[in-house]
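Here is the structure we will look at, set down as structure tokens.
The values are calculated or read from the model by the stated rules, or taken from the named source; none is laboratory data. Keep in mind that this is a model prediction, so the values were computed, not measured. Cβ: placed from backbone, ideal geometry, glycine included. Neighbour counts: every protein chain shown. For the accessible areas, the whole protein counts, side chains as well, though only heavy atoms, and no ligand, DNA or RNA atoms are used. Shrake-Rupley method; radii C 1.70, N 1.55, O 1.52, S 1.80 Å.
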Amino acid sequence: MQEILIQRAKKGDAEAFAQLFSQFEIDLYKMAYVYVGNEVDALDVVQEVAYRSFKYIHSLQSSFHIKTWLIRIAINCATDLLKKRGQFLPYEMEELEQGEEPHEELPQKWVMEDIITRLSKEEKDVILLRFYNDYTLLQVSQALQLKLGTTKTILYRALKKLKQALEQEG
């Protein structure tokens, strides 16, 4: 059924594309929200993903990779939105002043989300795809167009950083 929707969408069938896109909309929203940090911007990102993916669906090489392709577009759209608004990705901001205690009263979930924002873009992409979207390492490497070995290296480096940051947070 999905293959049929993709073929129809490639021929310009907007209804088929809408049915197809709706299958992935929640996952795309979650990914966008993690990047942009608020509901309004995340919805804007999903809308932009819908536009770009409909416009370029003809370039989709394999229907097996539709979700990966859409997630990649979502990451690019989220990054573009932040840059366009003059915002920096959290890992690009300067570190907090020494001695400041930013997490004294915050729930553990918020602390973890803050720690993830300290990763580089490539590390964050790998962690989010691997653990938030349950991608295999092979799927992560395909989504990010990286070699499998490179993906593993990035993952292990990111996990080491996360472990160190969590230990520092207590």
Checklist entry - Considering the stretch 48-86 alone, what residues qualify as being open to solvent by 60 Å² or more (accessible area, probe 1.4 Å), assigned to a helix (DSSP H, G or I) and farther than 20 Å from Gln139 by Cα? => result Glu48, Tyr51, Arg52, Phe54, Lys55, Tyr56, His58, Asp80, Lys83, Lys84
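Is it the case that some residue within the stretch 150-160 is within 17 Å of Leu70 (Cβ to Cβ), at pLDDT 85 or above and under 17 Å from the mean Cα position of the chain (by Cα)?
The first filter runs over the stretch 150-160 and keeps only residues within 17 Å of Leu70 (Cβ to Cβ), leaving none.
For the stretch 150-160, residues within 17 Å of Leu70 (Cβ to Cβ), at pLDDT 85 or above and under 17 Å from the mean Cα position of the chain (by Cα): absent.
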Checklist outcome for this item: Note on Glu48: of the conditions (1) of a type outside the set (Lys, Arg); (2) modelled with pLDDT of 90 or more; (3) closer than 19 Å to Gln7 by Cα, unmet is (3)
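Looking at the stretch 18-47, which of the residues that are closer than 19 Å to Leu60 by Cβ and among the acidic types (Asp, Glu) is most open to solvent (accessible area, probe 1.4 Å)?
Looking at the filtered set, the residue picked out is Glu25.
Can you name the residue in the stretch 2-17 that is closer than 14 Å to Phe54 by Cβ and aliphatic (A, V, I, L, M) and, of all such residues, is surrounded by the most Cβ atoms within 10 Å (Cβ to Cβ)?
Per the criteria, the residue is Ala9.
Scan the stretch 129-142 and give yes if some residue there is outside any loop (DSSP other than H, G, I, E, B), under 23 Å from Ala9 (Cβ atoms) and modelled with pLDDT of 80 or more, otherwise no. Outline the logic, then answer.
The first filter runs over the stretch 129-142 and keeps only residues outside any loop (DSSP other than H, G, I, E, B), leaving 129-132, 137-142.
From what's left, under 23 Å from Ala9 (Cβ atoms): 139, 142.
When the remaining residues are screened for being modelled with pLDDT of 80 or more, the result is 139, 142.
Yes.
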Next on the checklist: Scan the stretch 19-37 and tell me whether some residue there is free of Cβ contacts under 8 Å to residues at least 40 places away in the same chain and touching a Leu at 6+ places or on another chain (Cβ under 6 Å).
Outcome noted: yes
